[in-house]
Amino acid sequence: MNRWAFLFFFSTTFLVAQEIPPEPWKKIEAQHLNPGLPLEDYTPVVVPNGAKLDFKIVDGIKVFHLIAEPIVWEVAGGLKINTWGFNGSVPGPLIEAVEGDRVRIYVTNKLPASTTVHWHGMLIPCGMDGVAGLTQPAIAPGQTYLYEFTCPTAGTFMYHPHYDSLTQEDLGLVGMFIVHKREPDITKRPDRDFVIMLHEWSIDVGTARPNAMGRGGFNILTMNGKVMPSTEPLVAELGDTVWIRYGNLSAMDHHPIHLHGYSFKIIGTDGGWVEDTSVLLPETTVLVPVGTTRVTEFLANNPGDWIFHCHMTHHTVNQMGGDFPNMLGMPAQEFDQKMQQLIPGYKTLGITGLKDMTQSGMLIPPNSIPMLGYDGPYGNTVIGGMANILRVRERTDHYRDPGPYVFPRGSMAAPATPSEMHRDAIFP
Ligand SMILES: [Cu+2]
């Protein structure tokens, strides 16, 4: 082979090897699949405390309508906020679709500011990416825009404005977008599929407007817009394969969510799915960084009421946790007696920690929530905020909340008896 023949051979070989794969949506779009249907093609996701965005099918296309608008949102009994959301809620309703679905999403802007919607993690044509100024003009107040694309891959995605994100995402214009695998075989799907969106808010005590300029003073940490004990428990039955999908569009914080009683694997992100789950480390805490989603999977084999919560301790208290002076260990009795002459019922809080902030009847400014916590059958958890409970039972009534776990006799921690301590030579 002479020099020119070699170069010709080399360059053609090189060109063939470098063939560019088609755009991610091309192949599935060309198949013109029928819209995927709940139960037939996928098991619908459960959204604790949340809603789903309704759709209708027009000419084989799933049609959705998102409305960005000012809303009043109750974070928990005692705290209502004036904020922005989609279709009346924070986070916005879950959009559920199936790989290959053609979707048409109308976005109506009822905000006093311009906006857009970006489909976080979705591999779609650039013109549908929703970045104001770069891929489209911002949607002016009163305008309705149309986004239309084919969902190319199954996954756990999010949506949010891509215009003044600091204000708009922080005020709650965020939501989850789940695309299911087209799976007619029910045994290959998870039995329970939950989604939880993490968020954080800076709300000055006694006010109702979240401060988007809070710069780190986040004192309300939510799961699907609620703090514990207003978070709705997750219910599973023994033997269920359970997915908990998390998304985080907090302003500044990554959240390590720890689940008690289980070891799980992180099988997916907003970038896709793990191909070989056998190589994954077993985990009990999943770190959900800002701007990502995580899908955790485990087999429900350990009955009980299992708390799961952000492991950053400051994220499991509410407004009072960080907004109170440090009174730990203060001998405040005499001071309280004097104060009670001026303000009946006055009580210095925080002397033994946050427990006394969970008690009802304490003096707090209107429209504010102290350290709430869950009032369980054995007292208050003194953990609230970004927290919830997974209830696993042998059997349930169609996954209705079964209420607190009834422990088998002798299976609970209890005060040690003198004979037990004597047996093991324990001298308290
Ligand atoms: Cu956190």
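The values are calculated or read from the model by the stated rules, or taken from the named source; none is laboratory data. Keep in mind the model is a prediction, meaning the values are calculated, not measured. Heads up, the Cβs are rebuilt from the backbone with ideal geometry, glycines too, and the neighbour counts pull from every protein chain shown. Ligands, DNA and RNA are excluded from the accessible area calculation, which covers all protein heavy atoms including side chains. Shrake-Rupley method; radii C 1.70, N 1.55, O 1.52, S 1.80 Å.
Observations on the structure shown:
- Complete set of residues in segment 258-278 that are among the β-branched types (Val, Ile, Thr) and without any contact (Cβ under 8 Å) to a residue 60 or more places away in the chain: Ile266, Ile267, Val274, Thr277
- Test for His260: is it closer than 19 Å to Val382 by Cβ and in contact with a Pro (Cβ under 6 Å, 6 or more places away or on another chain): no
- Yes/no for Gly271 being within 16 Å of the ligand (Cβ to nearest atom) and surrounded by fewer than 21 Cβ atoms within 10 Å (Cβ to Cβ): no
- Hits in segment 286-300 - residues which are under 16 Å from Glu200 (Cα atoms) and either in contact with a Leu (Cβ under 8 Å, 6 or more places away or on another chain) or at pLDDT below 95 (or both): Val288, Val290, Gly291
Here's the yes/no breakdown for (1) without any contact (Cβ under 8 Å) to a residue 12 or more places away in the chain; (2) more than 12 Å from the chain's Cα centre (by Cα); (3) open to solvent by less than 30 Å² (accessible area, probe 1.4 Å); (4) outside the structural domain of Glu69 (by TED's automatic domain parsing):
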{"residue": "Ile178", "(1), (2), (3), (4)": "no, yes, yes, no"}
{"residue": "Arg182", "(1), (2), (3), (4)": "no, yes, no, no"}
{"residue": "Arg209", "(1), (2), (3), (4)": "no, yes, no, yes"}
{"residue": "Gly214", "(1), (2), (3), (4)": "no, yes, yes, yes"}
{"residue": "Gly225", "(1), (2), (3), (4)": "no, no, yes, yes"}
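- Matching option when the condition is charged (D, E, K, R), within 18 Å of Lys226 (Cβ to Cβ) and open to solvent by 80 Å² or more (accessible area, probe 1.4 Å), among Asp375, Asp424: Asp375
- Some residue of segment 275-285 being buried (at least 19 other Cβ atoms within 10 Å of the Cβ), away from the ligand (no atom under 16 Å from the Cβ) and not basic (Lys, Arg): no
- Count of residues meeting criterion [on the phi > 0 side of the Ramachandran plot and within 16 Å of the ligand (Cβ to nearest atom)] in segment 208-257: 3
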